[in-house]
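Just below is one structure, and these are the notes that go with it.
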Amino acid sequence: MDDIHIHDKARRRGKTARAAVSFVVMTILLVALFFAAVNIGSLKVSFTELIRGLFVEYNDNVATIYDLRFPRIIISMLAGAAVAVSGVLFQAVLKNPLADPGIIGISSGASFAAVLITAFAPTLFFFTPLFAFLGGVLAFVLVYSLSWKGGLSPLRIILVGVAVDAMFTGFSSALNSMNGGNMSGVAAIVNGNITMKTWDDVRTLVPYVLIGLVLAVGVSRMCNLLALEDKTARSLGVNVNVMRIVISLIAVLLASISTAVAGVVSFLGLIVPHIGRILVGSDHKALIPFSAIFGAFIFLLADTIGRTIASPYEVSASIIMSVVGGPFFIVLLRRSKKYGK
């Protein structure tokens, strides 16, 4: 027994050490990518120039980079963090490792609501995330209610989600076509384009993302409880249904606000939680903050690759994520016997 106890303690210490190293390495990689993204383009500045230009004295090149690249980089990081954490929460609620806000239709519902406001009430621009949240809630209710058949089947949720996603995507595309299909605010949301984002978009996104991420960290213990059987959770005095609704609404909020500004990003909320569990384990107290950092890194990396791979033309970060995420989803589906039947 002592040998088993010692072995368990050593294994837990190993997991803790690996999680700590993963956090440190990912944070360093994110900071390095941030400065690399700042310097990718026709204008380049050294690290010293950048710091002096931002905090000490005016520099034309730094000012241009600050106005044009910084909003895009910050939006990529915030949206990536929000979508990744949303994926973690949906997977916890649905007990389905294939759940992702883009796949199950939440992002497209939010996108449609954002498109409606952008097209017909542009004066309400600052409240676009709130309307997107309502669109995400509508999609969420549709998917859950249509999937319910004496219980929630993970496979049925995916299938219904794909149908709801197609429906809202079609509505958004129709509005975009009616709008002329140019790169207006409507088309930017539909196509997930963040090329022309400004500091106004950053100011719109920041409060909602920060509130959503703080709430997500706050419900990390609830997510751990949902990993238990429902009977076990109820025996601990937990109202499982209320817990699921609360966590789902936070997940919808995070997916919707990022969609309102950055457009629909599929597969990010699928890929990040899976890799996160390998690196830091399944405890949501570590998984949620790690997924936020990792999601920010992945989406910023996708955006950086997108604007360099075919320079001077650009490929949307959402397209990069779809190209990478599609095969990843297929691999997960084939490896998972439970959902592959």
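The values are calculated or read from the model by the stated rules, or taken from the named source; none is laboratory data. Remember, predicted model here, so these are calculated numbers, not experimental data. Backbone-built Cβ (ideal geometry, glycine too); neighbour counts: all protein chains shown. Heads up: the accessible areas ignore ligands, DNA and RNA and are worked out on the full protein's heavy atoms, side chains in. Shrake-Rupley method; radii C 1.70, N 1.55, O 1.52, S 1.80 Å.
Membrane-span-like helices in the chain, defined purely by DSSP H runs whose alpha carbon atoms cover 15 Å or more axially and whose average Kyte-Doolittle hydropathy reaches -0.5, are 2-39, 70-94, 106-120, 128-147, 154-178, 199-218, 240-262, 268-280, 284-306, 317-335. For the set MET26, MET167, MET178, MET77, solvent exposure ranked by accessible area (probe 1.4 Å, protein chains only) runs largest to smallest as MET178, MET167, MET77, MET26.
VAL164 exposes around 10 Å² of accessible area when a 1.4 Å probe is run over every protein chain in place.
Sorting 211-220, 51-60 by average packing, meaning the other beta carbons within 10 Å per residue, from highest down gives 211-220, 51-60. Peptides 244-253, 106-115 ranked from most to least packed give 106-115, 244-253, packing being the mean of other C-beta atoms within 10 angstrom over each peptide's residues.
The relative contact order of the stretch 193-274 comes to 44 percent, based on Cα pairs under 8 Å that sit 6 or more residues apart. By the helix-only formula, in which each DSSP H run with n ≥ 4 contributes -39500 (n - 2.57) and the sum is divided by residues, the chain has a 222 nm mean residue ellipticity of -25500 deg cm²/dmol. Please state the shape class of the stretch 3-117: rounded when a/c is under 1.5, otherwise prolate if a/b exceeds b/c and oblate if not, all from the C-alpha gyration tensor. Because a/c hits 1.5 or more and a/b fails to exceed b/c, the stretch 3-117 counts as oblate.
Excluding ligands, DNA and RNA, the accessible surface per residue across the chain is 48 Å² with a 1.4 Å probe. Of the solvent-accessible surface of the chain, computed with a 1.4 Å probe over protein heavy atoms with every protein chain present, carbon and sulfur atoms account for 68 percent. Scaled against 2.2 N^0.38 Å for its residue count N, the alpha carbon radius of gyration of the stretch 12-74 is 1.51. Please label the shape of the chain as rounded, prolate or oblate, based on the square roots a ≥ b ≥ c of the eigenvalues of the alpha-carbon gyration tensor (a/c under 1.5 means rounded; beyond that, a/b larger than b/c means prolate, else oblate). Oblate shape, in that a/c is at least 1.5 and b/c is the bigger or equal ratio.
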